[in-house]
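Notes follow once the structure below has been shown.
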Amino acid sequence: DVIEIQDQENETAAEKFNVEAAEVLATSAQRLPLAQAAPIYEQLLQLYPTAAKFWKQYVEANMAANNDDATKQIFSRCLLNCLQVPLWRCYIRFIRKVNEKKGAEGQEETRKAFDFMLSHVGTDIASGPIWMEYITFLKSLPAQHGQEESQRMIALRKVYQRAIITPTHHVEQLWREYEIFENSVNRQLAKGLISEFQQKYNSARAVYRERKKYFEEIDWNMLAVPPTGSSKEEQQWTAWRRLLAFEKTNPQRIDSDSSNKRIIFTYEQCLMYLYHYPDIWYDYATWNAKSGSVDAAIRVYQRALKALPDSEMLKYAYAELEESRGAIQPARKIYESLLGDGANTNALAYIQFIRFLRRNQGVEAARKYFLDARKSPNCTYQVYVAYALMAFCLDKDPKIAHNVFEAGLKRFMQEPAYILEYVDFLYRLNDDRNIRALFERALSSLPPEKSVEVWKRFVQFEQTYGDLASMLKVEQRRKEAFSSIDEDPGSVLEDSLEEVVSRYSFMDLYPCSTKDLDQLARQEWLVKHMGKKSGVSNGPSRGGGIFSPL
């Protein structure tokens, strides 16, 4: 059943994503020569593409070996998907090393690298050391004349003023350093500038204290693995959800562009750890679309499907977004990817593609595809039901719907669920003659063990459409049908007061009290089990017997 399949999937995932083994492997790779370590890192990063700590180890091994080209190539693969401060500090260390002997040109390249880094991880709560390192770097730049000195001071002021309004662990230290900096430049000007930024700094400090509580709940060393339902995973999922909800309130009351950048940054960091969670990808894409950036939402879905290529949920959500903005061809391609080569297509993919065609290309396109799909061995009874109901409800064509149900009956007479769907359709037509005929046809071919629900519905039908004689007759026939599979046929054939209750009830109205109903259900259970030698258990409460499947 579904639970067993889920358990098997969890076991397979646990074997593949063995976190303890991965950690041991990464530690052993640090002790090996680079030529032997590189394949190990590649193997680890194929499984854990967002594991910043593994990328950092890999890149540091190449930096130690002075493999500059390989180092650049590794950074190009990981930086934008791993917004983690230690990895980015490793990047700036590399940039400074390769540019240290290039004079003014190298200094400009390093400055650009700092700006690039701060644009990506500058809002991280742990980014204080990056801001401080950048400030130290700017202070170290040579100034040949007054104009260069003035430009350097302006650049330093801008960086300080960005740093002191960013809620980080070092925001208080940066504020003190900023006060010292401004007073060292011009005491008169400093007074006005410090007064101007005091309130913004106070806001950043207050938000930092709030944000810190959310960050403390997150395990920053966790590797991204498919969810297994463990309590630790659920706690981490909840912690990230809380942080995202916090950021979406724009606690610092900054402008919407800056607030959105922070939310994007939080989603990106979240996905480093909850990479295999389809709900996070969906939430991120939906937030982008609602924020007015459909293109960004589409990019998120494209990344999501690289991470979770088998996620039907995400494919339908992505197709829905494309269709809702009128991009029918891209949406169709997604549906076609769900259909695959036809050999392993599931029934739901057929149904949803038929509906998609009906919405966008009309009745005839949907009909043609259904006629092709029904030739497939993977075309189940649900496809027939879906198409018949579409013809009836959307196309207002009961004749076509009736023909489809009839055609399906040749293949699915042994499917009780299909028969009951057909019955429901005939109910809508108020076609009691054909309903009766369908029950008779179905019950003549279904074995008793598969006919429980069909008999139950036949009895209900006669209670609504028949007279007293037909009601009693069908009830008796049902008893006789099940007497062959009951251990005590005599008890089944006896009349019971519960049958009277069934005949004279309507919706949630009963000709007796709830206590009486419980007593009747209990008595029926006792009758069925009184021939057995084992001890009598508590038995069922109300809901057994005539009110539920036999």
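What's the ranking of 499-505, 253-259 by average number of surrounding C-beta atoms within 10 Å, highest first?
Details: 499-505: 16.4, 253-259: 11.7.
Packing order, densest peptide first, comes out as 499-505, 253-259.
Please compute the alpha carbon radius of gyration of the stretch 400-518, then divide it by the globular-protein estimate 2.2 N^0.38 Å. Two decimals is fine. Display every interim value, and only then the final one.
Details: Rg = 15.6 Å, N = 119, 2.2 N^0.38 = 13.5 Å.
Here the Cα radius of gyration is 1.15 times the empirical estimate.
Here the stretch 183-311 is assigned +1 on the Cβ of each Lys and Arg and -1 on the Cβ of each Asp and Glu. Its dipole about the Cα centre then comes out at about 660 debye. Note on the stretch 265-375: percent of Cα-Cα distances in each 5 Å bin, starting at 0 and stopping at the bin with the largest distance, equals 2, 12, 22, 21, 17, 12, 9, 4, 2, 1.
Computed on the stretch 317-463, with alpha-carbon pairs under 8 angstrom and 6+ residues apart, the relative contact order is 13 percent. Distance distribution P(r), the stretch 145-224, all Cα-Cα pairs, bin width 10 angstrom from 0: 17, 40, 24, 13, 6, 0 percent.
By how many nm would the segment from L371 to R411 lengthen if fully extended, with 0.36 nm per residue of separation less the alpha-carbon distance?
Values: separation 40, 0.36 × 40 = 14.40 nm, distance 1.45 nm.
That works out to 12.9 nm of additional length.
Estimate the FRET efficiency between N18 and R77 by the formula 1/(1 + (r/R0)^6), using the beta-carbon distance for r and 25 Å for R0, to the nearest 0.05. Write out the running numbers ahead of the final one.
On the way: r = 23 Å, r/R0 = 0.93.
In this case the efficiency is close to 0.60.
Given axes a ≥ b ≥ c from the Cα gyration tensor, I'd like to know whether the stretch 201-308 is rounded (a/c under 1.5), prolate (a/b larger than b/c) or oblate. It would help to have the intermediate numbers written out before the result.
Details: a/c = 2.58, a/b = 1.16, b/c = 2.23.
Oblate, because a/c is 1.5 or more while a/b does not exceed b/c.
Kirkwood Rh, Cα Rg: Rg to Rh for the stretch 401-470? Computed over Cα atoms, the ratio is 0.95. The C-alpha atoms of the chain define a longest principal axis, and helix 398-412 lies at about 80 degrees to it. Site pair E105 and Q519 shows an inter-label distance of 10.0 nm when each label is modelled 7 Å from Cα along Cα→Cβ. The convex hull of the Cα atoms of the chain, projected and averaged over all directions, covers 37.8 nm². Working from label points 7 Å from Cα in the Cα-to-Cβ sense, the A206 to E449 distance is 7.0 nm.
Taking Rh as the Kirkwood radius, which is the inverse of the mean 1/r over Cα pairs, what is the Rg/Rh value for the stretch 255-322? If you can, show how the numbers build up before the last one.
Details: Rg = 11.6 Å, Rh = 12.0 Å.
Answer for the stretch 255-322: 0.96.
Solvent-accessible surface of the chain, taken per residue with a 1.4 Å probe and all protein chains present: 53 Å².
Beyond 17 Å, the tail of the calculated P(r) for the stretch 149-190 holds 28 percent of the Cα pairs. Charged side chains reduced to their Cβ positions (Lys and Arg at +1, Asp and Glu at -1) give the stretch 90-147 a dipole of some 180 debye around its Cα centre.
Work out how much length N430 to L509 would gain on full extension: take 0.36 nm times their residue separation and subtract the Cα-Cα distance, in nm to one decimal. Mind dumping the intermediate values first?
Values: separation 79, 0.36 × 79 = 28.44 nm, distance 2.40 nm.
So the chain would gain 26.0 nm between N430 and L509.
Of the residues F425, S445, I435, the one whose Cα sits farthest toward the positive end of the charge dipole of the stretch 392-447, with +1 on the Cβ of Lys and Arg and -1 on the Cβ of Asp and Glu, is S445. Running Debye on the stretch 284-349 with equal point scatterers at the Cα sites and no solvent, what base-10 log of I(q)/I(0) appears at q = 0.25 Å⁻¹? With no solvent term, the Cα-only Debye profile gives -1.11. Counting only alpha carbon atoms, the long axis of helix 231-248 and the longest principal axis of the chain meet at about 60°.
For the stretch 421-457, the residues whose amide N sits under 17 Å from a probe point set 7 Å from the Cα of S484 along the beta carbon direction are 440-456.
Work out the length of the dipole vector of the chain about its Cα centre, built from +1 on the beta-carbon of each Lys and Arg and -1 on the beta-carbon of each Asp and Glu, and round it to the nearest 20 debye.
Numbers: 72 positive and 74 negative charges, 396 e Å.
Roughly 1900 debye for the chain.
To the nearest ten degrees, helix 256-273 and the longest principal axis of the Cα atoms of the chain are 70 degrees apart. Rounded, prolate or oblate: which one fits the stretch 86-132, using the alpha carbon gyration tensor with axes a ≥ b ≥ c (rounded when a/c is under 1.5, else prolate when a/b beats b/c, else oblate)? Since a/c reaches 1.5 and a/b is larger than b/c, the shape of the stretch 86-132 is classed as prolate.
Placing dummy labels 7 Å off each Cα toward the beta-carbon, the span from I194 to T249 is 3.2 nm. With a Förster radius of 60 Å applied to the beta-carbon distance between M222 and T464, the computed FRET efficiency rounds to 0.55. Stokes-Einstein diffusion for the stretch 100-197 at 10 °C, viscosity 1.306 mPa s, with a Kirkwood radius from C-alpha pairs, works out to 112 µm²/s. Ligands, DNA and RNA left out, the 1.4 Å accessible surface of the chain is 52% carbon and sulfur atoms.
The values are calculated or read from the model by the stated rules, or taken from the named source; none is laboratory data. Owing to the predicted nature of the structure, the values given are computational and were not obtained by experimental measurement. Note that we place each Cβ from the backbone using ideal geometry, even for glycine, and neighbour counts take in every protein chain shown. These area figures cover heavy atoms from the full protein model, side chains too; ligands, DNA and RNA do not enter into them. Shrake-Rupley method; radii C 1.70, N 1.55, O 1.52, S 1.80 Å.
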